[in-house]
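The values are calculated or read from the model by the stated rules, or taken from the named source; none is laboratory data. What you see is a predicted model, and the numbers here were worked out from it, not measured in a lab. Cβ placement follows ideal geometry from the backbone for every residue including glycine, while neighbour counts extend to all protein chains displayed. Note: accessible area is taken over every heavy atom of the protein model, side chains too, but ligands, DNA and RNA are not part of it. Shrake-Rupley method; radii C 1.70, N 1.55, O 1.52, S 1.80 Å.
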Amino acid sequence: MTADVRPLADSEWELVRYLAGNFFSSHRAEWPLVAEMSDGGMGSLKFVGGEGRKFGGVVGACRFDDADGVEVVASLYRDDRGGPLELDVWKVTFEPLIAIPSPDKFWREAD
């Protein structure tokens, strides 16, 4: 994780809000800051705060196509205290993410 801490960008916020549904607050100002993770530019983020947090489960997951047509899988994880932990973004070719599309381009896998 890099030392640069920042708020979610607009496209990241739309993705997180889609994945979170009603699980977390939908008020953007209440969300913690994020730091980019070392993932080769694919877009994964770590939510800042609460040292010693551990993985607590998956909140939501979806897929979308990047601007170059390559499939991307995004998952939102919560910590063991019930707060947001990580936004995991994986481009199936391991290349850097070009752009997160609008939410109408996201799709969920059948359960």
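So in segment 13-33, with the set limited to residues that are touching a strand residue (DSSP E or B) at 6+ places or on another chain (Cβ under 7 Å) and either of a type in the set (D, E, K, R) or open to solvent by 60 Å² or more (accessible area, probe 1.4 Å) (or both), which one is farthest from Ala99 (Cα to Cα)?
Selected residue: Phe23.
Name the single residue, out of those in segment 34-48 being of a type outside the set (Val, Ile, Thr) and outside any loop (DSSP other than H, G, I, E, B), that is most open to solvent (accessible area, probe 1.4 Å).
This residue is Glu36.
Give segment 11-33 a look and list any residue that's in contact (Cβ under 8 Å) with a residue 40 or more places away in the chain and assigned to a loop (DSSP other than H, G, I, E, B), or say none.
Phe23, Phe24, Trp31, Pro32, listed by residue number.
Quick check: anything in segment 49-57 of a type outside the set (Gly, Ala, Ser), exposed (fewer than 12 other Cβ atoms within 10 Å of the Cβ) and on the phi > 0 side of the Ramachandran plot?
Within segment 49-57, not a single residue is of a type outside the set (Gly, Ala, Ser), exposed (fewer than 12 other Cβ atoms within 10 Å of the Cβ) and on the phi > 0 side of the Ramachandran plot.
Would you mind stating whether Arg81 is touching an Asp or Glu at 6+ places or on another chain (Cβ under 6 Å) and in a loop (DSSP other than H, G, I, E, B)?
Considered against the rule, which asks whether it is touching an Asp or Glu at 6+ places or on another chain (Cβ under 6 Å) and in a loop (DSSP other than H, G, I, E, B), Arg81 comes out as no.
What number of residues within segment 69-87 satisfy the criterion of being closer than 22 Å to Ser38 by Cα and either open to solvent by 50 Å² or more (accessible area, probe 1.4 Å) or of a type in the set (Phe, Trp, Tyr) (or both)?
Matching residues across segment 69-87 total 3.
Quickly run through segment 84-107 and pick out the residues that are assigned to a strand (DSSP E or B) and more than 17 Å from Ser44 (Cβ to Cβ).
The answer is Trp107, and nothing else.
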